[in-house]
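Novice: Below is one structure. I have some questions about it.
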Amino acid sequence: MKVGFFIGCNTAFNRPDLEQAVRFSYPHLGVEIDDLEGQSCCPSWGTMPSVDLAGWSAVSARNFCLAEEKDLDIVTVCGSCYGSLAETRHSLQKDPDLREKVNGILEGLGRNYRGSANVYQSVGYLYKKIDIDKVRQSLKYSLAGLKVALQPGCHTLWPSKIYVDREEDSFHPHILKDMCQALGADVADYSRMTDCCGMGGMRSADMERSFNLLNVKLKSIKEEADPDLIVTGCSSCLIQIDTAQGQLYKDGKIKFQIPVLHYMQLLALCLGGEPEKVAGLAKTSVSGVINKIRGDSNV
Amino acid sequence: MISESENIVFNLSEGEPRFVAQIKELGGEEILECIQCGKCAAVCPMALAGFPIFNKKLIQAIFLGAREALLDDSSIWACQSCNRCTEICPRDVRPFEIILAMRRVAVREFAVPAMSVEGLKSLYDVGHAVYLKDSGQTRQKVGLPEKPPSVIAFPKALKELQAILHQSALWEIGIIPMEGNEMADTCEV
Amino acid sequence: MVSKTGVYVCHCGENIAGSVDVAKVVNYSTTLPGVSVSREYLFMCSDPGQELIRKDIEAGIVDRVVVAACTPRTHEPIFRKALEDAGLNQYLFEMANIRDQDSWAHWGDKEGATQKAQRLIASAVAKANLLQPLQQRYVEVEKSTLVVGAGVSGMFAALDLAGMGYKVWLLDRNPSVGGNMAKLDKTFPTNDCSACILTPVMVQVANHPNIELLTYSEVEAVNGSIGNFNVTVRKKQTYIDWDKCTGCGDCVTACLGKTDNEFNEGLDSRKALYIAFPQAVPKRAVLDQDSCINCAGSHIGKEHKINAKSGEPMLAPCEKVCKTGACDRTLAHDSGGESFDINVGTIIVASGYQAMPKEPFKEYSPDSPNVITCMQLERILSATGPTDGEFHRPSDGQKPKTVAFISCVGSRDKNHHVYCSKVCCMYMLKEARLIKEKYPETEVYIFFIDVRTPGKDFEEYYNYCRELGIKIVRGRVGAVDQLPGDGLRVRAYDVDMDTPVTLEADLVALATAMEPSAGLADLGRKLGITCGSEGFLKEVHTKLYPVETSVKGIYIAGCAQGPKDIPESVSQSRAASSAAAVPLTAGRVPVEPFSSSVDQEKCSGCGICVPLCPYSAISREEIDGKVRAGIEIALCAGCGVCAAACPSLAITLQGFTADQIFAQIDALTSVAGGGPID
Ligand code: SF4
Ligand code: SF4
């Protein structure tokens, strides 16, 4: 099995440890990675999507072409990339005029968008394509005794009808939960699981409001779940929750800091990945959690 | 309708009559399906974080043609693109697409926050909307090559991307400097 | 004979004239072969309009009439009458629908619409020129009516007709009459107890000498037409001999099989052997085979096992306790029940509605037991419900302190039903009021999109609810989150405060949409009546013929036609009963002379037409030693299937002869292929 890895700006430049986590864990589970050389920005919401539909779709379609030309599907760890790519794919699929326009633009580059490649989010791809038992059997370490709270991320959920690996009930998602349980984690529910983390346009527009929004969520996590770790399905959520906690703590708005990792990082750790490589860039310390995972008693 | 506004009273007869049509052309096709039920606003992160304009209100303001007031307010750029509104709208309005359409109007009026202009510039110049200068070191720290296998590492690919952008509305609007585009040099952003 | 066809073009106010150049169309009409005169008028159907036609006929200028106007569905009878009045055979008439099929459809394209009007008229004239006088037939009417559905609407329709002296069959697929209303606690706007006003009616229908109850029955097939419908009814298998059963309920108590109780909307369970509800009429037990666990190895239709020790047959508990012998599992009950035919003159469909379940609304956490539908809440509030009328929430039986209602769940919603269910605003207010009056300390919130209370005494009801302290929030709820424990967080946006709001509630009631009852489309198909896009049965005309359907002799009442409250349902059912009584009282009804006939010379006797006829009107008979098809005119409904299928072109459908139809097609296509008409 082979898949094109769409890295995304935030992962490539901000959290390359997450990129390493994917590069480590996918092959371990028998999924070969293709680099989709020459991939660009998805492009993200505040840029081309906010300028024009055809231009947005053309940039996105070019990224799809890279996969199509090799007969591959695409996976990404970033919710924004996932959403932006899936939304344009949906538009291109249902709007022949748009498709013609986009192919008109791509023609000059010697490319043609066919619509054969799909885009998956990294966790959903494993859930759909890999036997969950295989994941279980490949583990070197387990998360037994670790309580986690989940942050699937808006883009893995909505708008559900455009995704190929959608949840049955997007308001009560279970893919990330099942996948965490496969690693042996104890998943604690909390009422604001599907609330937005505050990353994205809002963080750029008004950091304080963005962090306050996250704070409401963090309180719900702390009070209702009190987990050892927050697990995200999206790189943007990862960055937001990881970096904002320090600030909120400094401002006296929270009295705790909860380690946070993307699911792929946690998976890589459980498969025996080197912590410095696959989870070495966290701002909110994850060493306690990592020690617990890799502790002898846990092997 | 906008709290910071000096004009407390919005004069309905000053509404821009063609506004709805423009929004529809720019991707907000379903705007007139909205019945102002407020379901989208109930869960919109923008509303929850206290931004003055968000999906439901934006739609009503467009409906009434409050174009100037909307251009004066930058809330729409705080939209998270979370699409929760699109998921739950009982009328299939796809409110997020209306936000995008309003942003497209704003872009054409150069009413764009600096961050977005930066993002567009970066997309054009390096092929990534988000790019951190010292990322090479970070990547090496975790054992990765300095550059990811993206446009960053493949100049030909970047040219391809730029060629696409040259054919997009970005070129006509001229909101960022682009190779060979005179307009961009003359406008202030 | 050369025809003298008159063409009368109607403006329909602006409806037609707004998009069709009427003067041009009139001019064009005069150029058509066979046309002697062409005129226009603002409203052709009005008296002065009809007068134009009558005068031309009386003056001998015209002997065929084409009216280019609206739809023949409503207006053909009016114009035919005008022809008759002027002494012309009413079937020398043809209508061109240049409104519904032209001006409305092509509004804004005047040139195109004008051309299309010309084509439609050319085609109508081509047919009219070939029309022959036909004679109306009459059929005798069977003086009885079938009422499908024994809810409040069906029962009132049945009582009215029975009171007029007609025989009524009152059919319901449930074991008891009563319908949805039997589930309600109180009814707005007067808050009388539903059972107190409904149960006497249930008893009345059961005791009326002219009404025969067919409960636990379904309509299997419908043949025939107005005056003589032949309906095949299937009485479902009850496995209990209802002639012997007294409804004592001993078997129900003894039964060990269990399943969800549909009368209590799944909030508790009932036995496999059950009586629908305590006030059921008829009060008879029914065995639901799907949940029967065949106690003591006793299977339906099999001899009892013999107890090895005692040598006695082993009876199931239900059989043991039944004192009347109504419960005998060894009998060879046919699981399909029993089918029989009844003949009726008219049919009223009052098959009601169903309330949507909560499951599709994932954003409201339907998995929580404390998120319920308003119909479920109705059962909780009802003295005959699962909590005996005590206000308890499902998860733990605690009395809710805070209750939230959510409106328009599944209504006004493109993903479910685009229509407004009409009664939800009022039933939410009613349930809120019942709670608040009985437990004033309970906080009650109703989240509305718009409060719609247009009805006699409804606005007063709404105001009273506000006075009671029920909190009205305008804004559709966006999410219901499950909190630790059994609590719920309701998240909405208050339009008036212009702020997101949140509420912790113990119980959330969803005002789910009224939707067509299961199988309504199928029933419609059997009856030959269509459903509208929203799935309810369609009336002929919303305003003028609200209880008539496209099939003569079949009428609709209550929620089968669309969401309605009780006062409106009852009014409509009484309107339907009066409409259904008209043919019964007249004793005979005219039928269109559009029947088929066989040309014995051309018929080869192949018999292709015989099985095709939906009305079984054709049989093969021997004529002069040759096998030929013969059509029983009284049974023929004039559908034309046989005429279209006959390979020898031996069958002619009067009023739609091959000549006439080909002339229409020619007129349409000769100009169509050649581009615009001028
Ligand atoms: S966009 Fe949809 S959810 Fe929002 S107010 Fe309009 S109809 Fe309601
Ligand atoms: S997509 Fe934008 S407008 Fe819609 S709910 Fe999310 S933040 Fe609000």
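The values are calculated or read from the model by the stated rules, or taken from the named source; none is laboratory data. Every value quoted in this text rests on a predicted model; they were computed, and no experiment measured them. Please note: Cβ atoms are built from the backbone with ideal geometry, for glycine as well, and neighbour counts cover all protein chains shown.
Novice: Hey, among C:SER310, C:SER339, which residue is assigned to a loop (DSSP other than H, G, I, E, B), over 30 Å from A:PRO173 (Cβ atoms) and either of a type in the set (Ser, Thr, Tyr) or without any contact (Cβ under 8 Å) to a residue 40 or more places away in the chain (or both)? Break it down into steps so the answer makes sense when it comes.
Specialist: Numbers: C:SER339 fails: assigned to a loop (DSSP other than H, G, I, E, B).
From the options C:SER310, C:SER339, the qualifying one is C:SER310.
Conditions tested, residue by residue: (1) surrounded by fewer than 24 Cβ atoms within 10 Å (Cβ to Cβ); (2) under 24 Å from A:ASN112 (Cα atoms); (3) more than 7 Å from chain B (Cβ to nearest Cβ).
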| residue | (1), (2), (3) |
| --- | --- |
| A:CYS41 | no, yes, no |
| A:VAL59 | no, yes, no |
| A:CYS65 | yes, yes, yes |
| A:VAL75 | no, yes, yes |
| A:GLY83 | no, yes, no |
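Novice: Out of the stretch B:39-63, which residues are in a loop (DSSP other than H, G, I, E, B), over 16 Å from B:ALA101 (Cα atoms) and within 14 Å of ligand 1 (Cβ to nearest atom)?
Specialist: Looking only at the stretch B:39-63, we keep the residues that are in a loop (DSSP other than H, G, I, E, B), and these are B:44, B:49-54.
Applying the additional criterion that residues be over 16 Å from B:ALA101 (Cα atoms) yields B:44, B:49-52.
Across the stretch B:39-63, the qualifying residue is only B:CYS44.
Novice: Among the listed residues B:PHE10, B:PHE19, B:PHE54, B:PHE96, identify the single one that is over 15 Å from C:PRO500 (Cβ atoms), aromatic (Phe, Trp, Tyr) and within 16 Å of ligand 2 (Cβ to nearest atom). Walk me through it before giving the result.
Specialist: On the way: B:PHE10 fails: within 16 Å of ligand 2 (Cβ to nearest atom); B:PHE19 fails: within 16 Å of ligand 2 (Cβ to nearest atom); B:PHE54 fails: over 15 Å from C:PRO500 (Cβ atoms).
Going through B:PHE10, B:PHE19, B:PHE54, B:PHE96 in turn, just one is over 15 Å from C:PRO500 (Cβ atoms), aromatic (Phe, Trp, Tyr) and within 16 Å of ligand 2 (Cβ to nearest atom): B:PHE96.
Novice: Tell me, yes or no, whether the stretch B:102-118 has at least one residue that is within 11 Å of ligand 2 (Cβ to nearest atom) and not β-branched (Val, Ile, Thr). Walk me through it before giving the result.
Specialist: So in the stretch B:102-118, the residues within 11 Å of ligand 2 (Cβ to nearest atom) come out as B:102-103.
Checking the rest, the ones that are also not β-branched (Val, Ile, Thr) come to B:102-103.
Looking through the stretch B:102-118, at least one residue is within 11 Å of ligand 2 (Cβ to nearest atom) and not β-branched (Val, Ile, Thr).
Novice: Mind listing whichever residues of the stretch B:70-108 are within 17 Å of B:GLN36 (Cβ to Cβ) and either touching a Cys at 6+ places or on another chain (Cβ under 7 Å) or not assigned by TED's automatic domain parsing to the domain that holds B:VAL43 (or both)?
Specialist: Passing the criteria: B:CYS85, B:ILE88, B:CYS89, B:PRO90, B:ARG91, B:VAL93, B:PRO95, B:PHE96, B:ILE99.
Novice: Let me ask another. Do the conditions hold for C:SER382, that is, is it closer than 23 Å to C:MET514 by Cβ, away from chain B (no Cβ under 14 Å) and touching a Gly at 6+ places or on another chain (Cβ under 9 Å)?
Specialist: Details: closer than 23 Å to C:MET514 by Cβ: yes; away from chain B (no Cβ under 14 Å): yes; touching a Gly at 6+ places or on another chain (Cβ under 9 Å): yes.
Yes: the conditions hold for C:SER382.
Novice: Of the numbered conditions (1) in a loop (DSSP other than H, G, I, E, B); (2) hydrophobic (A, V, I, L, M, F, W, C); (3) buried (at least 24 other Cβ atoms within 10 Å of the Cβ), C:LEU170 fails exactly one; give the number of that condition.
Specialist: C:LEU170 satisfies every listed condition except (1).
Novice: With the requirement that a residue be on the phi > 0 side of the Ramachandran plot and either within 9 Å of chain B (Cβ to nearest Cβ) or modelled with pLDDT of 95 or more (or both), what does the stretch C:458-494 give you?
Specialist: Within the stretch C:458-494, the first condition is being on the phi > 0 side of the Ramachandran plot, and the residues that meet it are C:469, C:475, C:485.
C:GLY469, C:GLY475, listed by residue number.
Novice: Of the conditions (1) under 28 Å from C:ALA432 (Cα atoms); (2) acidic (Asp, Glu); (3) without any contact (Cβ under 8 Å) to a residue 60 or more places away in the chain, C:ASP486 satisfies every one except a single condition; which number is it?
Specialist: Answer for C:ASP486: the failing condition is (3).
Novice: Here is a follow-up. In the set C:SER604, C:SER533, C:SER550, which member is over 29 Å from C:THR187 (Cα atoms), assigned to a loop (DSSP other than H, G, I, E, B) and touching a Lys or Arg at 6+ places or on another chain (Cβ under 8 Å)?
Specialist: Values: C:SER604 fails: touching a Lys or Arg at 6+ places or on another chain (Cβ under 8 Å); C:SER533 fails: touching a Lys or Arg at 6+ places or on another chain (Cβ under 8 Å).
On inspection, the qualifying residue turns out to be C:SER550.
Novice: Further question on the same structure: Quick check on the stretch A:227-236. Is at least one of its residues buried (at least 24 other Cβ atoms within 10 Å of the Cβ) and farther than 20 Å from A:VAL123 by Cα?
Specialist: Within the stretch A:227-236, not a single residue is buried (at least 24 other Cβ atoms within 10 Å of the Cβ) and farther than 20 Å from A:VAL123 by Cα.
Novice: Continuing with this model, one more query. Collect the residues in the stretch B:71-107 that are outside any loop (DSSP other than H, G, I, E, B), over 16 Å from B:GLU29 (Cβ atoms) and more than 9 Å from chain A (Cβ to nearest Cβ), keeping them in residue-number order. Step through it out loud before you land on a result.
Specialist: Narrowing the stretch B:71-107 to residues outside any loop (DSSP other than H, G, I, E, B): B:71, B:75-78, B:84-88, B:95-107.
If we keep only those that are over 16 Å from B:GLU29 (Cβ atoms) as well, we get B:71, B:75-78, B:84, B:87-88, B:106-107.
B:LEU71, the sole residue that qualifies.
Novice: Among (1) outside any helix (DSSP H, G or I); (2) within 9 Å of chain A (Cβ to nearest Cβ); (3) in contact with a helix residue (DSSP H, G or I) (Cβ under 7 Å, 6 or more places away or on another chain), which single condition is B:ALA153 missing?
Specialist: (3)
Novice: If you check A:LEU266 against the conditions, is it in contact with an Asp or Glu (Cβ under 9 Å, 6 or more places away or on another chain), in contact (Cβ under 8 Å) with a residue 24 or more places away in the chain and either outside any loop (DSSP other than H, G, I, E, B) or surrounded by 24 or more Cβ atoms within 10 Å (Cβ to Cβ) (or both)? First the steps, then the outcome.
Specialist: Numbers: in contact with an Asp or Glu (Cβ under 9 Å, 6 or more places away or on another chain): no; in contact (Cβ under 8 Å) with a residue 24 or more places away in the chain: yes; either outside any loop (DSSP other than H, G, I, E, B) or surrounded by 24 or more Cβ atoms within 10 Å (Cβ to Cβ) (or both): yes.
Spelling it out, it is not the case that A:LEU266 is in contact with an Asp or Glu (Cβ under 9 Å, 6 or more places away or on another chain), in contact (Cβ under 8 Å) with a residue 24 or more places away in the chain and either outside any loop (DSSP other than H, G, I, E, B) or surrounded by 24 or more Cβ atoms within 10 Å (Cβ to Cβ) (or both).
Novice: Is one or more of the residues making up the stretch A:197-205 in a loop (DSSP other than H, G, I, E, B), touching a Lys or Arg at 6+ places or on another chain (Cβ under 9 Å) and within 16 Å of ligand 2 (Cβ to nearest atom)?
Specialist: Taking the stretch A:197-205 first, the residues in a loop (DSSP other than H, G, I, E, B) are A:197-200.
Retained after the next criterion (residues that are touching a Lys or Arg at 6+ places or on another chain (Cβ under 9 Å)): A:197-198.
Checking which are within 16 Å of ligand 2 (Cβ to nearest atom) leaves us with A:197-198.
The answer is yes, given that some residue of the stretch A:197-205 is in a loop (DSSP other than H, G, I, E, B), touching a Lys or Arg at 6+ places or on another chain (Cβ under 9 Å) and within 16 Å of ligand 2 (Cβ to nearest atom).
Novice: Another question about this same structure. Conditions first: (1) more than 10 Å from every other protein chain (Cβ to nearest Cβ); (2) over 30 Å from B:GLY119 (Cα atoms); (3) among the polar types (S, T, N, Q). A:SER220 passes all but one, so which condition is the exception?
Specialist: (1)
Novice: Does the stretch B:73-83 contain any residue that is more than 13 Å from ligand 1 (Cβ to nearest atom) and farther than 14 Å from A:SER204 by Cβ?
Specialist: Yes.
Residue-by-condition table, conditions (1) of a type in the set (D, E, K, R); (2) farther than 27 Å from A:THR156 by Cα; (3) within 16 Å of ligand 2 (Cβ to nearest atom); (4) buried (at least 24 other Cβ atoms within 10 Å of the Cβ):
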residue	(1), (2), (3), (4)
B:LEU120	no, no, no, yes
B:ASP134	yes, yes, no, no
B:PRO155	no, yes, no, no
B:GLN167	no, yes, no, no
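Novice: Also: Only one of B:ILE88, B:ILE31, B:ILE59 is more than 13 Å from ligand 2 (Cβ to nearest atom), within 28 Å of A:LYS161 (Cα to Cα) and surrounded by 21 or more Cβ atoms within 10 Å (Cβ to Cβ); which? Please lay out each step first, then the result.
Specialist: Working: B:ILE88 fails: more than 13 Å from ligand 2 (Cβ to nearest atom); B:ILE59 fails: more than 13 Å from ligand 2 (Cβ to nearest atom).
Answer to the selection: B:ILE31.
Novice: Please give the helices (runs of 4 or more DSSP H) falling wholly within the stretch A:38-130 in which 1 or more residues are closer than 30 Å to B:VAL105 by Cβ.
Specialist: On the way: elements: A:53-68, A:79-94, A:96-107, A:122-129.
Here the list reads A:53-68, A:79-94, A:96-107.
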